[in-house]
Amino acid sequence: MIAKENNDYFNVSALIEERFGAKGTESRMDAEEKAYAFYTGQIIEDARKRAKITQAELARRIGSDRSYISKVEHGQTEPKISTFYRIMNALGCRIEYSMIF
């Protein structure tokens, strides 16, 4: 539950279901895929800006073009995992895994 400005509460899960469909439905899975693409793009854009390099320079470092980097950063396309690693490496980032049991 989340509080609104007027101290009423609403159920975030119900709102998500209303807007994107129930868990497991095609519309919900499509919305989640778009959200993951957007989130991935934001991670890359933030890292690129912290590294103080342009989209063109990042593209050059990974052997791509600026328009591809722009599409990734705007969530219009998702890089393959191998490309994601190349991008992160080119930005001087380290990727860590952790498993939660």
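Laboratory data are not the source of any read-out in this text; all were calculated from the coordinates shown. Since the model is a prediction, treat every value here as computed from it, not as a measurement. As a convention, Cβ positions derive from the backbone with ideal geometry for all residues, glycine included, and neighbour counts pool all protein chains shown.
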query = So how strong a dipole does the stretch 25-101 carry about its Cα centre when Lys and Arg Cβ are +1 and Asp and Glu Cβ are -1, to the nearest 20 debye?
reply = 480 debye
ask   = Considering the dipole of the chain built from charges on the beta carbon (Lys and Arg +1, Asp and Glu -1) around the Cα centre, which of Y97, F38, Y85 is farthest to its positive end?
value = Y85
message = Starting from 0.36 nm per residue, how many nanometres of slack lie between F84 and E96 once their C-alpha separation is accounted for?
response = 3.0 nm
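Could you tally the net charge around I62, taking each other residue with its Cβ under 14 Å from the Cβ of I62, Lys/Arg +1 and Asp/Glu -1?
Values: positive: R48, R60, R61, R66, K71, K80, R86; negative: E57, D65, E73.
That works out to +4.
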key: Surrounding net charge for S27, when Lys and Arg each add one and Asp and Glu each subtract one, Cβ distance under 14 Å   = -2
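In deg cm²/dmol and to the nearest 500, what is the mean residue ellipticity at 222 nm of the chain if only DSSP H runs of at least 4 residues count, each as -39500 (n - 2.57), divided by the residue total? It would help to have the intermediate numbers written out before the result.
Numbers: 5 runs with 61 residues, N = 101.
-19000 deg cm²/dmol, from helical runs alone.
I want the local charge near I87. Using Cβ-Cβ distances under 15 Å, sum +1 for each Lys or Arg and -1 for each Asp or Glu among the other residues.
Values: positive: R48, K49, R50, R60, R61, R66, K71, K80, R86, R94; negative: E45, D46, E57, D65, E73, E78.
Around I87, the charge tally is +4.
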task = Counting residues in the chain as N, plug N into 2.2 N^0.38 Å and put the Cα Rg over that result.
result = 1.38
